[in-house]
Amino acid sequence: MATLRIPFVDSHTEGEPTRVVTGGAVPPGVTVAERARAFDRDFGWLRGAVVDEPRGSDVLVGALLVPPSDPAAHVGAIFFNAVGALGMCGHGTIGLARTLVHLGRAAAGELRVETPAGTVSAWIPDEDPHAVTVANVRSWAERLDLELRLDDGRTVHADVAWGGNGFLLVHGHGERVDHGNLEALAHTAWMCRRALERAGLATLNGRPVDHVELEAPAEDPRNHGRAFVLCPGGAYDRSPCGTGTSARLACLAARGQLAPGASWRQESVIGSVFEATYAPAPGGGVLPRIRGRAWVTGEGTLIVDDADPYRHGIPAAQRAQGARTP
Ligand code: PYC
């Protein structure tokens, strides 16, 4: 019987986990975007083995290290979750940077990471063993103040924006954005996503608008905003979501509500915080910078035994109903 061994390092970024796969399979392609398409097409077995139950969960984001095509990049990374490859992942980039420091493969300074959405920089400071600042890809507001009618008759207003992934940012939803209200938040977010699909507006930049951010005022007076973020597979982001915060900066900038260089502190639904700023981007939109903290939580080897019926994960259809299901 063959046994595949997959080395990994786990971390969490402001509560949201990342599992970096440090060796093994490399999907074919030249750019990381091409490799991510090959990953989605032919490497479902690896995705399932790394992030699906029983080794992982819907919450977990994987990061597969691949060779970059951008000569300026130090490393390539395909971020992925229960559904497939992501365009970019802010919390994942922070976790990846801290993981590479932990492994002795990166040091204080700039780490450039090619992702499917473009090359981003992770700035690793000398003075703080957990912080990383990510200079994300260009982000922009595609539509502001869409009116959407939900299945339950509510009307909400929402923006569509790109932050490395496609986001629907919803205001006026009437939900309490706190940890005690997760079921209602997930239900409302799914209804928003369905309403966007009905409106025929669920793609942007050739990618799905599959992340939903329910906005709310900050609870802590030191912060500026709060959000519940529903990820494509149905899990909610425990961190404030780096690409989601980038999308929010783009909308704030488009409305003239946040000046370049001004600080925006975004709370997650569990109260963890990313600190963000932006510079105007040539060609429109913003260039976000997101600062957060990550901790390495484990390292080891996944064992994928040919005799194990769930070696490539438990298929979604067989998993318990609940968070994944609208
Ligand atoms: O931090 O960008 C992010 C992210 C995307 C999905 C989960 N986290």
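In the stretch 220-231, the qualifying residues are those that are in a loop (DSSP other than H, G, I, E, B) and more than 10 Å from the ligand (Cβ to nearest atom), and the one that is surrounded by the fewest Cβ atoms within 10 Å (Cβ to Cβ) is P221.
Within the stretch 232-286, if we keep just the residues that are touching a strand residue (DSSP E or B) at 6+ places or on another chain (Cβ under 8 Å), within 19 Å of A117 (Cα to Cα) and part of a loop (DSSP other than H, G, I, E, B), the residue that is nearest to the ligand (Cβ to nearest atom) turns out to be C241.
Can you find even one residue in the stretch 307-318 that is at pLDDT 95 or above, more than 18 Å from W123 (Cβ to Cβ), part of a strand (DSSP E or B) and under 23 Å from the mean Cα position of the chain (by Cα)? No: zero hits. A search for C-beta distances below 6 Å between a residue of the stretch 147-158 that is of a type in the set (A, V, I, L, M, F, W, C) and any residue that is outside any strand (DSSP E or B), counting only pairs 6+ apart in sequence or on different chains, returns L148/A195; L150/M191; L150/A195; V156/G172; V156/H173. Within the set R238, R293, R324, R289, the sole residue that is basic (K, R), at pLDDT below 95 and either within 18 Å of the chain's Cα centre (by Cα) or buried (at least 18 other Cβ atoms within 10 Å of the Cβ) (or both) turns out to be R324. Residues of the stretch 109-123 include none that is more than 24 Å from R248 (Cβ to Cβ) and part of a loop (DSSP other than H, G, I, E, B).
Do we have A253 as buried (at least 20 other Cβ atoms within 10 Å of the Cβ) and more than 24 Å from G92 (Cα to Cα) here? Yes, satisfied. Condition check for E110 on (1) in contact (Cβ under 8 Å) with a residue 40 or more places away in the chain; (2) surrounded by fewer than 22 Cβ atoms within 10 Å (Cβ to Cβ); (3) under 20 Å from P288 (Cα atoms): one failure, at (1). Residues that are among the charged types (D, E, K, R) and either within 19 Å of A36 (Cβ to Cβ) or under 15 Å from the mean Cα position of the chain (by Cα) (or both) within the stretch 86-129 comprise R112, E114, listed in sequence order. Of the strands (runs of 3 or more DSSP E) lying entirely inside the stretch 1-96, the ones with 3 or more residues being over 21 Å from L111 (Cβ atoms) are found at 3-13.
Criterion applied to T18, T31, T22 was being within 22 Å of G300 (Cα to Cα), in contact (Cβ under 8 Å) with a residue 24 or more places away in the chain and more than 15 Å from the ligand (Cβ to nearest atom), and the one residue passing it is T22. Contact annotation: residue pairs with Cβ atoms under 8 Å, 6 or more positions apart or on different chains, pairing a residue in the stretch 50-68 that is in contact (Cβ under 8 Å) with a residue 60 or more places away in the chain and away from the ligand (no atom under 15 Å from the Cβ) with a partner that is among the β-branched types (V, I, T) and in a loop (DSSP other than H, G, I, E, B), are D52/I314; E53/I314; P54/I314. Among residues of the stretch 235-252 that are at positive phi, those with a Cβ under 6 angstrom from a residue that is modelled with pLDDT of 95 or more and β-branched (V, I, T), sequence gap 6+ or separate chain, pair up as C241/V229.
The condition (being assigned to a strand (DSSP E or B), touching a Lys or Arg at 6+ places or on another chain (Cβ under 9 Å) and in contact (Cβ under 8 Å) with a residue 24 or more places away in the chain) is satisfied by just one residue among T99, T133: T133.
Out of the residues in the stretch 121-134 that are crowded, with 17+ Cβ neighbours inside 10 Å and out of contact with any Gly (no Cβ under 8 Å at 6 or more places or on another chain), state the one that is nearest to V273 (Cα to Cα). Can you show your working first?
Of all residues in the stretch 121-134, those crowded, with 17+ Cβ neighbours inside 10 Å come to 121-122, 124, 131-134.
Adding the requirement that they be out of contact with any Gly (no Cβ under 8 Å at 6 or more places or on another chain) leaves 121-122, 133.
Details: S121: 20, A122: 17, T133: 13 Å.
Only one residue tops the list, namely T133.
The values are calculated or read from the model by the stated rules, or taken from the named source; none is laboratory data. On a predicted model such as this, the values are computed, not experimentally measured, just so you know. For neighbour counting, all protein chains shown are included, and Cβ atoms are generated from backbone atoms with ideal geometry for every residue, glycine included.
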